[in-house]
Amino acid sequence: MATSDFQRVRRLGRYLGRDRRRLLLTLVLLVPVALAGAIQPLLVGQAIAVLRRVGGASRESVLPLLQAMETPAAMRLLVGTLLVSVLLRLGLQGLQSFNIQAVGQRLTSRIREDLFSHAMQLSLRFHDRMPVGKLLTRLTSDVDALAEVFGSGAVGVLGDLVSLLVIAITMLLVEWRLGLLLLVAQVPVTLMILWLQRRYRKANYRVREELSQLNADFQENLQGLEVVQMFRREAVNAARFERTGHAYRRAVNGTIFYDSSISAFIEWVALGAVAVVLALGGWMVSGGAMGLGTLTTFILYSQRLFDPLRQLAERFTQIQGGLTAVERIGELLEEPLEIVDRSSEMKPRPVGPSLVVVPANRGEVVFENVSFAYRPDEPILHNLSFRIAPGEHVALVGPTGSGKSTVIRLLCRLYEPQEGRILLDGEDIRDLPVPELRRQLGVVLQDTFLFSGSVADNLRLDVPLDDRRLGEICRDLGLAPLLERLPEGLASELRERGGNLSSGERQLLAVARVAIRNPTVLVMDEATAFMDPSTEATLQRDLDRLLERRTAVVIAHRLATVEAADRILVLRRGQLIEQGTHRELRALGGLYAELAELQERGLARL
C-alpha cells in the first residue's frame, strides 16, 4: 500500500473511535480462534499415534498425558477435546463476525454522512466538472466496497496472519524439518501476491472509473428522457451507452484475470507442498525417523497452512477494491472547500416567518472591480463595478452570455471572483458567515427546484414554523386557490422536482418560500415567467408588498418588468456598458434601445 493509502486509512480510523470496545474484543478473539484451529490437526495425529500404539508401533510420539491412559480413555479424551475445539472455534468466529459486521456498518454510515456533508459544501465549480453519476458512485458503490473489505476482509486478514503464525510455531515445535520446508514454500506465494497487488490495484481503479461513467451516462439519459424521446435519440444514446458498458466490461475482465491467477497459483503451490510432505515424510516414516501420526499431523497442517493464503486470494478482490475505494473516498474528502468563512464567528439574525418590512438602511450591494471566469480561457466578467442603494430596484439586462446569471451566483457566493470584491451593507461578503449571507438573500430562480415531500416541507425548509402560522402566510400570499386544488393542501406530497405541479404553480411556491424568510435583498430571475396572467395578477400585490423598501436585483426578460425598475444595468460580454432608467436608456439609443425595439416587435427578449 502506498504511503498516501496509509495516511487515508489512518484518517478513516477516526471513525472507529466509538467502537473501540467491539474492535478490541474482536482482536482479542483472534488468538483463541487461531489456537482452536491449530490444535485440531495435532489431536488427529495423536489419535492415530494412540491407535498405532495398540498395534505395537513404538516409533509413534504420544503426549505424556496420553501415555499413562488406556487407549479407549485416551481416544475419548481426544475426540471430546476435538469436538470442544470445533464448537469453540465456530462460536467465537460467529461472535467475531457479528461484531465486525456491526462495526463495519457503523463505519460506513459515518463516512457516508461526512461525504454527503462535504459534497454539499463544495462549490458549484467542483460540481460543474463532476458529473452527478460519478459522485453518486463514490457515495454508494465506493462506500459499500469499503464496508465489504472492512467487514469480511481486514479482520479476516488479521485472523489469517494470526492463524499462520500459530500454525507455523506449532509445526516447528512438532517437527522442525518438515515445518521449515512448508514455511519456505510460502515465500513464492507471498512474492506473487505482492507482484499482482500493484497490477490489480490499477485495474480496479479503472473499473471504478468506468462504473462512474456508466452511472453518469445512465443518470443523464434518465434526466433527459423527455428530450431523448422527442428528438428520437434512443438509438444514438443506446449505442453510446453500449460503448461505455463495453469499456466497463473490459476493465472488469482485467481484474478477473489477476484474481483468478493468484487463486490458481496458490492451489498449485499447496498441492506441490503436500506432495513434497508425503514424499519426504513417507521416507522419514520408513526410516523410523518419524511416526505415522506425526506425518498425518503435518499433512493436515500443510492444508491448514495454505488456507490463510487461499482465503487471502478469495478476499483479494475485496481488499483491493476497498483500497481503491479508500483512495477515491479520500480524494473526495480531501477536495478543498472553495467557499469558506474567513471568520468562525457567526452573526445570527432572527429569521422572521412573516412579511416584516426591512429597515431602509439595509440592503446596499456593491461590486468593486469584479472579474470572474468559470475557466481560465473563458472570462465572463471584466472589471465590473456598480452600486445598488438600499431599497433600490435594479434590473439586469443584456444578451445571452453577458454575465447576468453570473452576477447573481457571485452575490450569493456560489462562486468566488478571481479579482475584486462584493460588499453587502459595506462588508465584504467573504467576511460574512455563509449561512448569514444566504439568510439575507432571497433568491427566486426561473428554473424552480422543489424537493420530494409535502408542500409544507418545501415552504419551511430551514424555518421553524407551525402549520397554523404557515397557513396564514400562504393565504396572505394568495396561495389559497392553489392549496384548495391540491388533495391535502399543505400536506400534499410532491413528486421529484414537483412533477405533479405546473411550472407556474412551482414558481408560486418558490416565491412564497422566499417571502417567508424575510430577506434583506431579493434576487429574482423573472419570477413570474411561467405564470398565467390571472396567477401573476394575484401574486403581483404580494410581490409589491415583498419588494417594499427592500433591495431587489432582477434579471429581466420582459419590458414590463424593466420599466418598473428604478435603474437598469445593461451588460454585454461581462462589462457594464449602460445604466439608467427605461426612458433615459431609450433616449440614449444604445444596446438597450435596440433590445427594447426588438422586443416590442416580438423578435427578441431583453
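Every read-out reported here was derived from the displayed coordinates using simple, explicitly stated rules and does not represent laboratory data. Bear in mind that the values here come from a model prediction, so they are computed numbers and not experimental data. FYI the Cβ positions are ideal-geometry reconstructions off the backbone, even for glycines, and counts take in every protein chain you see.
General observations
- Sequence-distant residues sharing a close amide H with Gly420 (under 5 Å, placed H): Ser371
- Charging the Cβ of each Asp and Glu at -1 and of each Lys and Arg at +1, and nothing else, the dipole of region 20-333 about its Cα centre rounds to 260 debye.
- Charge-dipole axis of the chain as Lys and Arg at +1 and Asp and Glu at -1 on Cβ define it, positive-most pick from Tyr258, Ser502, Ala491: Tyr258
- Length added when fully stretched, Glu378-Ser492, from 0.36 nm per residue minus Cα-Cα: 36.6 nm
- Selection from Gln575, Ile39, Leu410 lying farthest towards where the dipole of the chain points positive, charges on Cβ: Ile39
- Answer label for Kirkwood radius over Cα pairs in Å (calculated), chosen among (1) 30.5; (2) 26.8; (3) 28.6: (1)
- Longest exposed-site-free window of the chain, the sites being chymotrypsin sites (Phe, Trp or Tyr not before Pro) in a DSSP loop that have at most 12 other C-beta atoms within 10 Å: 1-230
- With both labels modelled 7 Å from their Cα along Cα-to-Cβ, the Thr400 to Ala238 distance reads 3.1 nm.
- Positive-end extreme of charge dipole, the chain - chosen from Thr190, Leu479, Met120 (charges on Cβ): Thr190
- The distance linking region 560-592 with region 184-198 is 74 Å (Cα centroid to Cα centroid, whole angstrom).
- Long-range HN-HN contacts of Glu578 with modeled amide H, under 5 Å: Val570
- Simple Cβ-charge dipole of the chain, Lys/Arg +1 and Asp/Glu -1, about Cα centre, in debye nearest 20: 1980
- DSSP-defined antiparallel bridges as percent of all bridges, the chain, nearest 5: 55
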